[in-house]
Amino acid sequence: MVCQKKLVDEVSGWLRIFDDGSVDRTWTGPPEVKIMAESVPPHEDFLDGVATRDVVADPNSGLKVRIYLPEKKADSSYDKMPVVIHFHGGGFCISRADWYMYYSTYAKLAASAGVIVVSVYLRLAPEHRLPAPCHDGYAALLWLRSLARGDSHEEWLNSHADFTRVFLIGDSSGGNIVHQVAAMAGDADLSPLKLAGAIPIHPGFVRVERSKSELEHPESPFLTLDMVDKFLSFALPVGCNKEHPITCPMGEAAPPLQGLRLPPVLLCLAEKDLILDTEMEYYEAMQKSGQEVELVESSGMGHSFYLNRIAVKVDPHTAQQTQKLFAAISDFIHKH
């Protein structure tokens, strides 16, 4: 007789955990949304001005990255392009670097901004709790350093990357990883690579006590209070709560912000984000500590709105705010 495994916990639509420890991340929500969580295979020919390839950055750990290489324009005045390392969101528990919503977003950024994007396949909780994905993000940065030093080789990057202009970008929980990797990089010798900037987008900064925005702002397809609580219960180290330094870098348990050697930061927020209040608390703490931080806020938008490719296509305001957000990101990259 075959024993049926039993469902232990779930996050509706996104994640199911069973009593044998297995995890099912098959999308079970509305079928019209399924496309956003479908994998896009890499293509080394240029489609809409961008080619992609998946590369094993660390054979020992199996760490993989997806590289987005923009086609060089005929009137381009530069030989090398800035590199943007991307950390995907998903509450540390779901999503992959090759999902359609990331592919469509970061292929467009690569083409429009003239940058090479390196998107990291992060380990996921609950199989790999924090700080595992932060270590993956930092390992990807050190891999770029090894390329810059000539200790290893990747054709696209060694031929086209400007390793003196490397940026970190991450959405939602990926924004938490941006802060952590930038902080770790401040204590390292990255030469000849230079970390030129950090761009957390709607980072998952929270506290144990519910904020006013959590209680008053509308939930979105990309963030509900149940998702915040469940994902973090699966992802945080056992016995830890939301005041952990990774989820609350402005809190008392975290290293003082004024002691960190961070690059310039562009913090991207959304006016109707559930966790706006704690994101703003981070911004104010960064300012107070003397860190170089700029703020861009998207009017009338919720958490990770720009990743909702359906809304971007059908709603003019979402499309406009997405365009403004990525214009600000492109300006920040070209300024540093």
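The values are calculated or read from the model by the stated rules, or taken from the named source; none is laboratory data. Everything numeric in this text was worked out from a predicted model, so none of it was measured. Cβ atoms come from the backbone with ideal geometry, glycine included; neighbour counts cover every protein chain shown. With ligands, DNA and RNA removed, areas are computed over all heavy atoms of the protein, side chains included. Shrake-Rupley method; radii C 1.70, N 1.55, O 1.52, S 1.80 Å.
Put simply, the convex hull of the Cα atoms in region 24-176 casts, on average, a shadow of 9.6 nm².
Based on DSSP H segments of at least four residues, each scored -39500 (n - 2.57), the chain has a per-residue ellipticity at 222 nm of -9500 deg cm²/dmol. Of the whole protein surface, Ile177 contributes about 0 Å² of accessible area at a 1.4 Å probe radius.
Among the DSSP helices (H) of the chain, those spanning at least 20 angstrom by Cα along their long axis with an average Kyte-Doolittle hydropathy of -0.5 or more are 132-148, 316-335; this is a geometric and hydropathy rule only. For Lys5, the solvent-accessible surface computed with a 1.4 Å probe is close to 100 Å², ligands and nucleic acids excluded.
Each Lys or Arg adds one and each Asp or Glu subtracts one; over the other residues with Cβ under 13 Å from the Cβ of Asp24, this totals -1.
Could you work out the relative contact order of region 1-52? I mean the mean sequence separation of Cα pairs under 8 Å and 6+ apart, divided by the number of residues, in percent.
20
The heavy atoms of Glu154 present about 10 square angstrom of accessible area, all protein chains included, probe 1.4 Å. On a 28 Å Cα-Cα criterion, which of the cross-link pairs Lys194/Lys242; Lys230/Lys272; Lys34/Lys194; Lys272/Lys324 come out too long? In this structure, Lys194/Lys242; Lys34/Lys194 exceed 28 Å between Cα atoms. Region 266-336 and region 1-63 have Cα centres lying 26 Å from one another. Sites listed here are chymotrypsin sites (Phe, Trp or Tyr not before Pro) in region 1-103 whose DSSP assignment is loop and whose Cβ has at most 11 other Cβ atoms within 10 Å: Tyr78.
The distance from the alpha carbon centre of region 180-208 to that of region 118-176 is 11 Å, rounded to a whole number. For the chain, the solvent-accessible area with a 1.4 angstrom probe is 44 square angstrom per residue. Shape class for region 104-162, computed from the alpha carbon gyration tensor (a ≥ b ≥ c): oblate, with a/c not under 1.5 and a/b at or below b/c. Surface composition of the chain: carbon and sulfur atoms hold 52% of the protein heavy-atom accessible area at a 1.4 Å probe.
In terms of the Cα gyration tensor, with a ≥ b ≥ c the square roots of its eigenvalues, is the chain rounded because a/c is under 1.5, prolate because a/b exceeds b/c, or oblate? Judged from the Cα gyration tensor, the chain comes out rounded (a/c under 1.5).
Of all the options Gly239, Gly137, Gly114, the one that moves most in a Gaussian network model of the chain with Cα springs shorter than 10 angstrom is Gly239. Here region 1-89 is treated as a Stokes sphere of Kirkwood radius computed over C-alpha pairs; at 37 °C and 0.692 mPa s its diffusion coefficient rounds to 190 µm²/s. By the Stokes-Einstein formula, at 0.692 mPa s and 37 °C, region 262-304 with its Kirkwood radius over alpha-carbon pairs has D equal to 307 µm²/s.
Amide H contacts of Arg165 (H built 1.01 Å from N, in plane; Pro and chain starts excluded): Val83, Lys194 sit under 5 Å, all sequence-distant by 5 or more or on other chains.
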